[in-house]
Amino acid sequence: MNLFTTNYETLKENEKKRMYYNFSQNAQKSFSRYSDKTQILAQLLFINRAFNSYNEAMLKVGKNMPLLIHDALNMLWDYLEEKCDSRDFQAFCNGIDAVTLFLNTGEEIETQENLNFWEKYSDEWEWDISNSIILLNSFGALFFQIYEQSIDWYSIGEDCLLGEINEIVGDYFENLYTNPTDGYKYHELELRITQICESATFTKIIACIIKDMKEAINYEGKGIKEIARLREEYKKQFLFSSIECEKLAEYFR
């Protein structure tokens, strides 16, 4: 499915759900003729939107976005603007990979360099904001794509950030089928996901992704000054409205 020629709103419900489940694959195919850097930019634009909305929602409940996530965002923009030292970028790639693995699985951080990296952030990391871990994973996946020189769109795909947002929409923004025991059977889960994919909120989110993808394509081959202007612009781009961020704040409470 070509994401640029598909009108999500007009799709049948099963087609919408299939587009969601195959988002990463569809994105790879849609961007097959564009550079790796353009694909990194497209993913970063959407992540930046999510970061802005998550940050606003967290502030509403008196919590702060972890410094590690702030630094990851800035490092990726610096990379696209060709402002960061290659060794510093490599060290950050290694560090965030080790830390995300540790936070998700408990696997020990082995090298001294990566231990030093985590020491810089560990005191500030608040364990009660674990709901920001998917956003951190999204950043980590983007660094991994750059490091491996292999673009898989995992960072904003159905198994990472888009998957979390799908759940958020179902829990906080739409009146959907709910099993009060939370013990969803397969057909119940499929019904719920179908309803989420059909919802106005999720339709708006898909529109944001497509807009960001097209924005990145417009910057294909453009210079560093243009990327810097885009960076400033996306400090003011949000995934959710201020009113919606009030609801999203419950996710981080």
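The values are calculated or read from the model by the stated rules, or taken from the named source; none is laboratory data. What you see is a predicted model; the values in this text were computed from it and never measured. With ideal geometry, Cβ positions are generated from the backbone for all residues, glycine too; neighbour counts draw on all protein chains shown. Surface areas here come from the heavy atoms of the whole protein model, side chains and all, with no ligands, DNA or RNA. Shrake-Rupley method; radii C 1.70, N 1.55, O 1.52, S 1.80 Å.
Ordering Lys12, Lys29 by accessible area with a probe of 1.4 Å, largest first, what comes out?
Accessible-area ranking of Lys12, Lys29, largest first: Lys12, Lys29.
Past 22 Å, Cα to Cα: identify those pairs from Lys63/Lys211; Lys37/Lys222; Lys12/Lys247; Lys60/Lys83; Lys120/Lys225, in the order given. Violating the 22 Å limit, Cα to Cα: Lys63/Lys211; Lys12/Lys247; Lys60/Lys83; Lys120/Lys225. Taken about its Cα centre, segment 18-174 carries a charge dipole of roughly 720 debye when the Cβ of each Lys and Arg holds +1 and the Cβ of each Asp and Glu holds -1.
Derived value for the chain: Kirkwood hydrodynamic radius 19.0 Å. Basis is the mean of 1/r over every pair of different alpha-carbon atoms. Packing here is the average count of other Cβ atoms within 10 Å per residue, and on that basis the peptides 138-145, 222-229, 168-175, highest first, run 138-145, 168-175, 222-229. Among Leu239, Leu189, Leu162, the largest mean-square fluctuation in a Gaussian network model of the chain, built with springs joining Cα atoms closer than 10 Å, belongs to Leu189. Taking the helices alone, the chain has a mean residue ellipticity at 222 nm of -21000 deg cm²/dmol, built from -39,500 (n - 2.57) per DSSP H run of at least 4 residues and averaged over all its residues. A Gaussian network model of the chain, with springs between Cα atoms under 10 Å, assigns the largest mean-square fluctuation among Tyr184, Tyr234, Tyr121 to Tyr184.
With a probe of 1.4 Å, find how much accessible area segment 106-213 has per residue, and write the answer as a whole number in Å².
Counting only protein heavy atoms, the per-residue value for segment 106-213 is 50 Å².
Within the accessible surface of segment 37-148, defined with a 1.4 Å probe on protein heavy atoms only, the carbon and sulfur portion equals 46 percent.
Ranking Asp123, Asp85, Asp71 by solvent-accessible area of protein heavy atoms (1.4 Å probe, all protein chains present), from largest to smallest, gives Asp123, Asp85, Asp71.
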